[in-house]
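The values are calculated or read from the model by the stated rules, or taken from the named source; none is laboratory data. Because the structure is predicted, anything quoted here is derived from the model rather than measured. Note that each Cβ is placed from the backbone with ideal geometry, even for glycine, and that neighbours are counted across all protein chains shown.
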Amino acid sequence: MPDITPAELHQRQQAGETPTIIDVRETWEHEEGRIPGAQNIPLNSLPDKLDDLDELKDQEVIVHCKGGGRSASAKAYLSQQGFTNVRNLEGGFQAYTAAGI
């Protein structure tokens, strides 16, 4: 699945869509600033949360971190676990906020 740009995500949110967004940053990072609607599951906790996410295996899931590296790992991991529609937010939270969103 292709990644998603901050502008595309913001446009969808403005249109009333509520995509599933998982913030794989550490909890303290999430508390300092977050994308509206994002749930925080730190990357190292992702394996422990797979059962909770099982219903999302065939749905779009957008993952993000600070700059895109950790979320790229999360995308690869979730894809290996059978998730079929995982997208990484290009540039992560930094790009989302830098775009003035």
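Considering each of ILE35, ILE62 in turn, give the residue that is within 20 Å of ALA15 (Cα to Cα), in contact with a Ser or Thr (Cβ under 8 Å, 6 or more places away or on another chain) and of a type in the set (A, V, I, L, M, F, W, C).
Sole residue among the options that is within 20 Å of ALA15 (Cα to Cα), in contact with a Ser or Thr (Cβ under 8 Å, 6 or more places away or on another chain) and of a type in the set (A, V, I, L, M, F, W, C): ILE62.
Search the range 37-47 for residues being under 13 Å from VAL63 (Cα atoms) and not in a strand (DSSP E or B), and hand back the single one that is modelled with the lowest pLDDT. Across the range 37-47, the extreme among qualifying residues is GLY37.
Scanning the range 42-51 for residues that are of a type outside the set (Ser, Thr, Tyr) and within 17 Å of GLU26 (Cβ to Cβ) yields PRO42, LEU43, ASN44, LEU46, PRO47, ASP48, LYS49. Take SER71 and tell me if it is modelled with pLDDT of 95 or more, in a helix (DSSP H, G or I) and under 13 Å from the mean Cα position of the chain (by Cα). Yes. Only residues that are polar (S, T, N, Q) and either buried (at least 18 other Cβ atoms within 10 Å of the Cβ) or under 18 Å from THR27 (Cα atoms) (or both) were counted in the range 52-96, giving 4.
Filter the range 1-58 for residues that are of a type in the set (D, E, K, R) and more than 25 Å from GLN80 (Cα to Cα); which is nearest to the chain's Cα centre (by Cα)? Applying the filter and picking the extreme gives ARG34.
Among the candidates GLY69, GLY92, GLY33, GLY37, single out the residue that is over 14 Å from MET1 (Cα atoms) and in contact with a His (Cβ under 8 Å, 6 or more places away or on another chain).
Only one candidate qualifies: GLY92.
Of all residues in the range 74-101, those satisfying the criterion of being in contact with a helix residue (DSSP H, G or I) (Cβ under 8 Å, 6 or more places away or on another chain), at pLDDT 95 or above and aliphatic (A, V, I, L, M) are ALA74, LEU78, VAL86, LEU89, ALA95. Close Cβ contacts (under 8 Å, 6 or more residues apart or on different chains) running from residues in the range 68-95 that are on the phi > 0 side of the Ramachandran plot to residues that are buried (at least 22 other Cβ atoms within 10 Å of the Cβ) comprise GLY68/ASN88; GLY68/LEU89; GLY68/GLY92; GLY91/PRO6; GLY92/HIS64; GLY92/CYS65; GLY92/SER71.
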